[in-house]
């Protein structure tokens, strides 16, 4: 049977090569044909652009002229927006270099300039959307730091103004007029806590930028309408914060202003530069801490470490908490203090202290706890320096040297400064010798009352009593309350 593969699958390789040779020869022969330079004009469908193809002249043939191009343009009714400089350059290059130049743009229509009023354009940095934190050193991201809030400081630019613009008609390449129209852009206006100058719109206060409808404003209060979780990230705000939901484990809430919590507040890391109000109570998590610059108000406090720059006012009770206050610690007439450690510079008022079977309560009053904490740190430092001095003296006894002597003098000076600082703090410790601890109900055995470093331990159940410092005897005096 004959092999018909060539007939069924087209030309064989030798035949294909012959076809290529003939095609190449015919192309070269065509190129060698004498012909004048020429130009072809193409107009876009919308009449806004004109392109030209320039073909070079053959040997001894006429070159392309600018007039020739102009005539070709006129044939296509192109007489507006012609780029004569580009035409001249392209014509010269095509003639001299004998190269084809295709799709050279030689004319353009003029688009209309649409009119618009003055427009306020918010900065991109304040537009809604998540704010991503910088990656850690290992490239990972803490997704708790992703925030949906756009926070600014007073003086930050939050928008710029585009000046009003009059409309101008346009035209296509045929001279057909293209009328302008008036734009209707989103028209933002300046809102509360903003101010304008010649360069733009600026925040007048620290806070959150809000785009409500068409108004750009800065709100010094942050309203968190849901839980503090991965949807909100950590809350770190330069003003007041209003929490409507819970704070999930591992998330922090920091506010330079005050914090108001409408739901039970579980504390991992709460910092308020002003007051903190937890109307449904405050519960501490493991290693959690609450720091309040002003007054702390809560329905109850449980298992918390709290530092307050002013009073701590609790409605129901303080349970198993360590609490440091530069003011008064007080509960309502029904309130209790059950277990824990209380430092209250200006006294304690409650109904019940301790329980019959629960952990004891230790209360320190009249003392500046911040000064005492600093003093403890200085004492520890003095102990370390004293031990180093002893070791250096031992080494000098066996191997005296200038370097050891210099180290010894440096340690002595450091220890002297530490002791001086400690002595200064001693005068700041006892701030209120007239302070009282008042219990209108029961004080259970095991309770310790310390006023200006004078201690008293309750060894039997007491009812309706107050504790104060008797400076004459240097003891804690216990007095019955007048129930009338």
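Only the coordinates and a few stated rules stand behind these numbers; no lab work does. As the structure is a computational prediction, the values presented were derived from the model and not from experiment. Here the Cβ is made from the backbone with ideal geometry for all residues, glycine too, and neighbour counts use every protein chain on show.
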Just the projected area, averaged over all directions, of the convex hull on the alpha carbon atoms of the range 119-219: how many nm²? 10.6
Whole-angstrom Cα spans of the range 379-429 along principal axes, big to small: 43, 15, 11
Measuring from the longest principal axis of the C-alpha atoms of the chain, the long axis of helix 402-429 (C-alpha) lies at a number of degrees, nearest 10, equal to 70
Could you work out, for the range 176-292, what percent of all Cα-Cα pairs fall into each 10 Å distance bin, beginning at 0 Å and stopping at the bin that holds the largest distance? 13, 36, 22, 15, 7, 4, 2, 1
Tilt, helix 369-398 to longest principal axis of the chain (alpha-carbon atoms), in degrees rounded to tens, equals 90
Exposure-ranked with fewest Cβ neighbours within 10 Å first, 61, 94 stand as 61, 94
Over the chain, what is the relative contact order in whole percent, taking alpha-carbon pairs under 8 Å and six or more residues apart? 7
In degrees, nearest 10, the alpha-carbon axis of helix 13-31 is tilted away from the dominant principal axis of the alpha carbons of the chain by 70
Going fewest to most other Cβ atoms within 10 Å around each Cβ, 270, 158, 476 line up as 476, 158, 270
The Kirkwood hydrodynamic radius of the chain, taken as the inverse of the mean 1/r over all distinct Cα pairs, in Å, comes to 31.9
Expressed in nanometres to one decimal, the distance between label points 7 Å along Cα→Cβ at residue 460 and residue 315 is 3.8
Take the range 31-108, drop everything but the C-alpha atoms, weight them equally and run the Debye formula without solvent; then report log10 I(q)/I(0) at 0.20 Å⁻¹ to two decimals. -0.79
Give, in nm to one decimal, the length gained when the segment between residue 395 and residue 89 is fully stretched (0.36 nm per residue of separation minus the Cα-Cα distance). 101.1 nm
Percent of beta bridges antiparallel (DSSP, the chain, rounded to nearest 5): 40
Summing -39500 (n - 2.57) over every DSSP H run of at least 4 in the chain, dividing by its residue total and rounding to the nearest 500, the 222 nm mean residue ellipticity is -7500 deg cm²/dmol
For 324, 51, what's the fewest-to-most ordering of other Cβ within 10 Å of each Cβ? 51, 324
With the cut-off at 1.5 for a/c, could you classify the range 339-440 from its C-alpha gyration tensor as rounded, prolate or oblate? prolate
Distance between modelled label sites at residue 419 and residue 138, nm, 7 Å Cα→Cβ extension: 4.8
What FRET efficiency comes out for residue 178 versus residue 53 if R0 is 30 angstrom and r is the Cβ-Cβ distance? Round to the nearest 0.05. 0.65
